[in-house]
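Worksheet for the structure shown next.
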Amino acid sequence: MKELSIAVLAGDGIGIEVMAAATQVLQAVAPRIGRAFHLQPHPAGAQHYVDAGESLPEATLAACRAADAILFGAMGLPHVRGADGTEIIPQLDIRFALDLYAGVRPVRTWPGLPVPLSDPRATGIDLVLVRENTEGLFWARGRGVVDGDAVCDTMRISRAGTGRVVDFALRLAQKRREQGRPGRVTNVDKANVFRSMAFWREIFVERAAAFPDVQTEHAYVDAMALNLVLKPWAYDVLVTENMFGDILSDLIASLVGGMGMAPSGDIGDQHALFQPAHGTAPDIVGKGIANPTAMILSAAMMLEWLAQRDGDTALADGAQAIESAVRGAFESDGVRPYEMGGRSGTADITRAVLERL
Ligand code: ATP
């Protein structure tokens, strides 16, 4: 039987709780599709930093490189900080180390669950944000220049770094059009103010010219924040700089009910990591109320990515099976997460998905 090795980095806080749900779901799917998943846990995170003095051991990074894919919970604890005052967040180190340049964050509404926006069209939200993951303002991490009472963080936008993520978004739009979605890319920038952003836009325009079949448009990030609340159903694929993407990811998660509904993939040319878009949620840790859906759907995204990498339709079937089980649990089994005012905790949601599988 074909075996796939998955590096599992549960991390901190609710990362550990939701990872337990996703690994159960993967193990339940495996025999149905005739594949085996070798899920190998590895230490990393803020608690590991406290315990062992390092947040991302070299051995863990090597295991991530060697694995077919990486499944990641969440990392960081508010009270654990480095000497410069910032949190211990090894997920950023992994993105840079493995060159996971495309942060793919899909959100969509699910029948049976409440939608925060009252406009009936909000039930049709189905969009993907592609966040550049390896430069932008996050390039400044660890490089901030302190000059007396002023500190400067620099935003880096490079031709190569922007070109590859824009290409990724344009290809994704082509794929979505084949699936019956609009297949349109909205470039989100701040080209009216920053030289770096004007350069980003120039590169977007250049790259888009090579995809004449993909409709494109431009938006400034501030207007985008407005329109994502006023008419999110009007968007299909968004592509943007790292920091803008960080902020808009949380905004779009709110459109479909909360962070627990937003999966993500950090994808490069050689490696890929899948994790919920949320953090460690210290305010709810240990209460059994974290919504594991984002983590479970991230596992489905991982199967979809592996299916494409290997041309293995059984893995795509596995991804579909997970999504159908999640859909059924919400639509027909009365499952409603706490973050949406319901009474279904982590174990209830996991059980409902497993029963459907
Ligand atoms: P980070 O900066 O590490 O991404 P964050 O500051 O965005 O983290 P989160 O940890 O994602 O913060 O939490 C934001 C809010 O969403 C918190 O109130 C948290 O309880 C809630 N939340 C996050 N994930 C979930 C989840 N899976 N289920 C329920 N609530 C969640």
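The values are calculated or read from the model by the stated rules, or taken from the named source; none is laboratory data. This is a predicted model, so every value here is computed, not measured. Cβ placement follows ideal geometry from the backbone for every residue including glycine, while neighbour counts extend to all protein chains displayed. Heads up: the accessible areas ignore ligands, DNA and RNA and are worked out on the full protein's heavy atoms, side chains in. Shrake-Rupley method; radii C 1.70, N 1.55, O 1.52, S 1.80 Å.
So, in the range 347-357, of the ones that are within 13 Å of the ligand (Cβ to nearest atom) and closer than 22 Å to Val115 by Cβ, which residue ends up least open to solvent (accessible area, probe 1.4 Å)? Restricting to residues being within 13 Å of the ligand (Cβ to nearest atom) and closer than 22 Å to Val115 by Cβ, the top hit is Ile349.
Conditions (1) within 14 Å of the ligand (Cβ to nearest atom); (2) buried (at least 18 other Cβ atoms within 10 Å of the Cβ); (3) within 18 Å of Gly260 (Cα to Cα); (4) not basic (Lys, Arg), marked per residue:
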residue: His79; (1), (2), (3), (4): yes, no, no, yes
residue: Leu100; (1), (2), (3), (4): no, yes, no, yes
residue: Val104; (1), (2), (3), (4): no, yes, yes, yes
residue: Arg108; (1), (2), (3), (4): no, no, yes, no
residue: Pro111; (1), (2), (3), (4): no, no, yes, yes
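Determine, yes or no, whether Pro116 is closer than 23 Å to Asn291 by Cα, surrounded by fewer than 17 Cβ atoms within 10 Å (Cβ to Cβ) and touching a Pro at 6+ places or on another chain (Cβ under 9 Å).
Details: closer than 23 Å to Asn291 by Cα: yes; surrounded by fewer than 17 Cβ atoms within 10 Å (Cβ to Cβ): yes; touching a Pro at 6+ places or on another chain (Cβ under 9 Å): no.
Considered against the rule, which asks whether it is closer than 23 Å to Asn291 by Cα, surrounded by fewer than 17 Cβ atoms within 10 Å (Cβ to Cβ) and touching a Pro at 6+ places or on another chain (Cβ under 9 Å), Pro116 comes out as no.
Scanning the range 1-22 for residues that are surrounded by 20 or more Cβ atoms within 10 Å (Cβ to Cβ) and either part of a helix (DSSP H, G or I) or not assigned by TED's automatic domain parsing to the domain that holds Leu357 (or both) returns Ile14, Gly15, Glu17, Val18, Met19, Ala21, Ala22.
Screening the range 236-251 for residues that are among the aliphatic types (A, V, I, L, M) and surrounded by fewer than 23 Cβ atoms within 10 Å (Cβ to Cβ) and picking the one that is nearest to Ile94 (Cα to Cα) gives Met243.
One residue is enough: does the range 326-345 have a residue meeting the conditions within 10 Å of the ligand (Cβ to nearest atom), in a strand (DSSP E or B) and touching a Ser or Thr at 6+ places or on another chain (Cβ under 6 Å)? Checked against the condition, which is being within 10 Å of the ligand (Cβ to nearest atom), in a strand (DSSP E or B) and touching a Ser or Thr at 6+ places or on another chain (Cβ under 6 Å), the range 326-345 yields at least one hit.
For the residues Glu355, Glu323, the requirement of being in a helix (DSSP H, G or I), under 20 Å from the mean Cα position of the chain (by Cα), assigned by TED's automatic domain parsing to the domain that holds Cys64 and modelled with pLDDT of 95 or more singles out Glu323.
Among the residues of this structure, Gln174 does not count as one that is under 19 Å from Val128 (Cα atoms) and at pLDDT below 95. With the condition kept exactly as written, say whether any residue in the range 66-76 is modelled with pLDDT of 95 or more and open to solvent by 20 Å² or more (accessible area, probe 1.4 Å). Yes, the range 66-76 contains a residue that is modelled with pLDDT of 95 or more and open to solvent by 20 Å² or more (accessible area, probe 1.4 Å). Taken over the range 36-63, the criterion of being surrounded by fewer than 21 Cβ atoms within 10 Å (Cβ to Cβ) and in contact (Cβ under 8 Å) with a residue 40 or more places away in the chain is satisfied by Ala63 alone. Quick check on my filter: what residues within the range 259-288 are more than 24 Å from Ile125 (Cβ to Cβ), surrounded by 22 or more Cβ atoms within 10 Å (Cβ to Cβ) and within 8 Å of the ligand (Cβ to nearest atom)? Thr280, the sole residue that qualifies. The condition (being closer than 30 Å to Ala314 by Cβ, touching a residue at least 40 places away in the same chain (Cβ under 8 Å) and within 21 Å of the chain's Cα centre (by Cα)) is satisfied by just one residue among Ile16, Ile33: Ile16.
Residues that are of a type outside the set (Asp, Glu), open to solvent by 20 Å² or more (accessible area, probe 1.4 Å) and either touching a strand residue (DSSP E or B) at 6+ places or on another chain (Cβ under 9 Å) or within 16 Å of the ligand (Cβ to nearest atom) (or both) within the range 299-325 comprise Met301, Trp305, Arg309, listed in sequence order.
The one condition from (1) within 15 Å of the ligand (Cβ to nearest atom); (2) open to solvent by less than 10 Å² (accessible area, probe 1.4 Å); (3) out of contact with any helix residue (DSSP H, G or I) (no Cβ under 7 Å at 6 or more places or on another chain) that Ile296 does not meet is (3).
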